[in-house]
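Structure, as structure tokens:
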Amino acid sequence: SNYFYIENYGGIYLPKYEKVKYNITNNNFIEIYFEHGKVIQNEEYSYMIFPNMNKNDFNEYINNIEIISNNNMVSTVKNKELNSLKIIFWKGGQLGDIKVDNPCVLIIEDDFIYVSEPTHKYEFINLSIGDRNYQVEVNKGYTTKVKKI
């Protein structure tokens with residue numbers, strides 16, 4: 001399976017791998033591993049960790065997500081049930097009709113956009129979605145909630 005749930009820990013999802021195994025160490029760490037063969041070239045992996053999530057919520061969540069992109073520019077997950085996007089822009093760039101000028105984390109939902117700037121280097125994120133432009137003031141360590149216009 002490419003996901004598993006561990007009681008008192010939570011859920012772990014590795015979308016690209018079917019033979020994921022884990023071990024809980026003596027000091028209560030979880031070691032996760034998968035078979036990848038002897039020769040590894042241009043290999044990549046992705047994972048999602050859901051600490052302290054109950055088993056039913058975890059199973060429901062992973063059945064409703066789709067990974068849109070995962071590369072050195074942008075990582076994006078869509079929740080199909082909630083119709084929301086979670087996007088990490090590792091640097092300024094574009095994903096479809098969404099553009100940003102600096103690294104940031106976005107959550108885009110029906111009525112709101114949540115913006116965080118984890119590098120703490122920038123005071124503003126200039127964001128455009130289609131023909132809508134936003135200049136979002138970001139506070140270090142906080143997420144800014146913006147109503148869609």
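Using just the helices of the chain, give the 222 nm mean residue ellipticity in deg cm²/dmol: DSSP H runs with n ≥ 4 each add -39,500 (n - 2.57), and the total is spread over all residues, rounded to 500.
Taken over the chain, the calculation gives -1500 deg cm²/dmol.
How much of the accessible area of region 26-120, probe 1.4 Å, is carbon plus sulfur, in whole percent?
Details: 3070 of 6360 Å².
Solvent-exposed carbon and sulfur of region 26-120 make up 48 percent of the total.
Along region 62-70, what does the Karplus equation 6.51 cos²θ - 1.76 cosθ + 1.60 (θ = phi - 60°) give for ³J(HN,Hα), rounded to whole Hz, x for Gly and Pro?
So the J values, rounded to whole Hz, are 5, 7, 10, 10, 9, 7, 8, 8, 7.
Compute the accessible area per residue over the chain, keeping the other protein chains in place, probe 1.4 Å, unit Å². Kindly include the intermediate steps, with their values, before the conclusion.
Values: 10060 Å² over 149 residues.
Roughly 68 Å² per residue, with all protein chains present.
Calculate one ³J(HN,Hα) per residue across region 9-17 by plugging θ = phi - 60° into the Karplus curve 6.51 cos²θ - 1.76 cosθ + 1.60, and present them in order as whole Hz with x for glycine and proline.
Here the 3J(HN,Hα) series is 10, x, x, 9, 10, 10, x, 8, 10 Hz.
If amide hydrogens are placed 1.01 Å from N in the peptide plane, which non-local residues have theirs closer than 5 Å to the one on ILE65?
So ILE65 has HN proximity to LYS80.
Tell me which aspartates and glutamates have Cα within less than 14 Å of LYS145's Cα, excluding those fewer than 8 residues away on the same chain?
Filter leaves GLU109, ASP110, ASP111, GLU117, GLU137.
Per the Kirkwood formula on distinct C-alpha pairs, the Rh of the chain is how many angstrom?
In the chain this quantity evaluates to 17.3 Å.
What residues have an amide H closer than 5 Å to that of MET53, excluding those fewer than 5 places away on the same chain, when H is modeled at 1.01 Å from N in the peptide plane?
GLY11
Only four residue types carry charge here, +1 at the Cβ of Lys and Arg and -1 at the Cβ of Asp and Glu. Report the dipole size of region 1-78 about the Cα centre in Debye, rounded to the nearest 20.
100 debye
In the structure displayed, which of LYS16/LYS86; LYS91/LYS148; LYS80/LYS140; LYS16/LYS91; LYS21/LYS91; LYS16/LYS140 lie more than 26 Å apart, Cα to Cα? Before the final figure, lay out each step's value.
Numbers: LYS16/LYS86 19 Å; LYS91/LYS148 23 Å; LYS80/LYS140 30 Å; LYS16/LYS91 24 Å; LYS21/LYS91 33 Å; LYS16/LYS140 34 Å.
The pairs that break the limit, which is 26 Å between Cα atoms, are LYS80/LYS140; LYS21/LYS91; LYS16/LYS140.
Tell me, what HN-Hα J-couplings in whole Hz come from the Karplus equation 6.51 cos²θ - 1.76 cosθ + 1.60 at θ = phi - 60° for each residue of region 122-138, using x for Gly and Pro?
10, 8, 9, 10, 8, 10, 10, 10, x, 9, 9, 10, 9, 10, 9, 7, 10
Grab the other residues whose beta carbon is less than 15 angstrom from that of GLN94, score K and R as +1, D and E as -1, and report the net.
Here the charged neighbours net out to 0.
Long-range amide H contacts for VAL138: which residues qualify at under 5 Å (H placed 1.01 Å from N, peptide plane, sequence gap of 5 or more or a different chain)?
The answer is PHE124, ILE125.
Compute the FRET efficiency between THR143 and ILE40 as 1/(1 + (r/R0)^6), taking r as their Cβ-Cβ distance and R0 = 35 Å, and round to the nearest 0.05.
About 0.45, to the nearest 0.05.
The values are calculated or read from the model by the stated rules, or taken from the named source; none is laboratory data. Every value quoted in this text rests on a predicted model; they were computed, and no experiment measured them. Here Cβ is always computed from backbone atoms with ideal geometry, including for glycine, and neighbour counts include all displayed protein chains. For accessibility, only protein heavy atoms count, side chains too; no ligands or nucleic acids. Shrake-Rupley method; radii C 1.70, N 1.55, O 1.52, S 1.80 Å.
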